[in-house]
Amino acid sequence: MSEKIYNIVRKHEYRIHILSIEYDETLAPWQFNFFMRFHYNNNTFQEHSMQITFRNNRYCEIK
């Protein structure tokens, strides 16, 4: 599933370069967490992190 997230972001967001995607499935099947590290293409020295949480197949939360 992390590969699908990578492909979606890569296809629709040209301003960032994904460095890594990790996931936590300890609460599966109720919750999946993905931790994405990336940097902007115009600033390769500053990394950012994003957490994507899928809960109960109902919604997605991004922090």
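The values are calculated or read from the model by the stated rules, or taken from the named source; none is laboratory data. Predicted model, so just to flag it, every value in this text is computed and none were measured. Here Cβ is always computed from backbone atoms with ideal geometry, including for glycine, and neighbour counts include all displayed protein chains.
Among what's in the stretch 49-58 and is in contact (Cβ under 8 Å) with a residue 24 or more places away in the chain and in contact with a strand residue (DSSP E or B) (Cβ under 6 Å, 6 or more places away or on another chain), pick the residue that is farthest from Ser2 (Cα to Cα).
First, the residues of the stretch 49-58 that are in contact (Cβ under 8 Å) with a residue 24 or more places away in the chain: 52, 55-56.
This time we only want the ones that are in contact with a strand residue (DSSP E or B) (Cβ under 6 Å, 6 or more places away or on another chain), so: 52, 55.
Numbers: Ile52: 11, Arg55: 15 Å.
Across the stretch 49-58, the extreme among qualifying residues is Arg55.
Number of residues in the stretch 19-41 that are under 16 Å from Ile62 (Cα atoms) and of a type outside the set (S, T, N, Q) equals 10.
Each row is one residue, and each column tells you yes or no for (1) out of contact with any Leu (no Cβ under 7 Å at 6 or more places or on another chain); (2) at pLDDT below 90; (3) among the acidic types (Asp, Glu).
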| position | (1), (2), (3) |
| --- | --- |
| His12 | yes, no, no |
| Ile16 | yes, no, no |
| Trp30 | yes, yes, no |
| Asn42 | yes, no, no |
| Gln51 | yes, no, no |
| Arg58 | yes, yes, no |
| Glu61 | yes, yes, yes |
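Sub-9 Å Cβ pairs linking a first residue in the stretch 7-19 that is over 18 Å from Gln51 (Cα atoms) and of a type in the set (Ser, Thr, Tyr) to a second residue that is modelled with pLDDT of 90 or more and in a loop (DSSP other than H, G, I, E, B), at least 6 apart or interchain, are Tyr14/Asn41, ordered by first then second residue.
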